[in-house]
Amino acid sequence: MKLIIATIKPFKLEEVREALTDIGVRGMMVTEIKGFGSQSGHTEIYRGAEYAVNFVPKIKLEIAVSAAMADQVVEAITKAARTGKIGDGKIFVLDIQQAMRVRTGETNDDAL
Ligand SMILES: Nc1ncnc2c1ncn2[C@@H]1O[C@H](COP(=O)(O)OP(=O)(O)OP(=O)(O)O)[C@@H](O)[C@H]1O
Ligand SMILES: [Mg+2]
């Protein structure tokens, strides 16, 4: 299993969610965050205004999937989230050691 952590521009959330459900992703965590990348937030535009501070609002997605699906998920996020302008986000892929569905006790791939 893989955990895909992606940051995206907030207005892209719906498009990315749709792209992911289209390829069979059944669950995800969504968090509103602030962060910065290689421009330290300085040159990024958010809602028409250049952000004066170092932190720019982003959405963080955390998606647990079977290892076989990970590449597809990364591709779908990349396609849906890209504007070609700075600040389109980052995607990190991590290994998951164990997963558990609390209600049933199912584990690992069966728990996803
Ligand atoms: N090295 C990093 N570690 C952790 N989070 C990061 C890192 N780089 C970027 N992020 C997160 O990703 C978000 C988006 O970063 P951003 O897309 O601006 O990256 P970038 O590398 O500066 O790319 P770009 O040149 O397209 O702006 C940041 O707000 C931050 O939350
Ligand atoms: Mg940046």
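Residue-by-condition table, conditions (1) within 10 Å of the chain's Cα centre (by Cα); (2) within 9 Å of ligand 1 (Cβ to nearest atom); (3) not in a strand (DSSP E or B):
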{"site": "PRO57", "(1), (2), (3)": "no, yes, no"}
{"site": "GLU62", "(1), (2), (3)": "yes, no, no"}
{"site": "ALA70", "(1), (2), (3)": "no, no, yes"}
{"site": "LYS85", "(1), (2), (3)": "no, yes, yes"}
{"site": "GLY89", "(1), (2), (3)": "yes, yes, yes"}
{"site": "GLN97", "(1), (2), (3)": "no, no, yes"}
{"site": "THR104", "(1), (2), (3)": "no, no, yes"}
{"site": "ASP109", "(1), (2), (3)": "no, no, yes"}
### Message
I need the full set of residues from region 28-54 which are modelled with pLDDT of 85 or more and either in a loop (DSSP other than H, G, I, E, B) or more than 10 Å from the chain's Cα centre (by Cα) (or both), in order please.
### Response
MET28, GLU32, ILE33, LYS34, GLY35, PHE36, GLY37
### Query
Restricting the search to region 60-89, which residues are under 20 Å from THR21 (Cα atoms) and charged (D, E, K, R)?
LYS60, GLU62, ASP71, GLU75, LYS79, ARG82
### Task
Using the structure shown, decide if GLU75 is modelled with pLDDT of 95 or more and part of a strand (DSSP E or B).
no
### Query
Is it the case that some residue within region 5-13 is at pLDDT below 95 and surrounded by 18 or more Cβ atoms within 10 Å (Cβ to Cβ)?
no
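The values are calculated or read from the model by the stated rules, or taken from the named source; none is laboratory data. What you see is a predicted model, and the numbers here were worked out from it, not measured in a lab. Please note: Cβ atoms are built from the backbone with ideal geometry, for glycine as well, and neighbour counts cover all protein chains shown.
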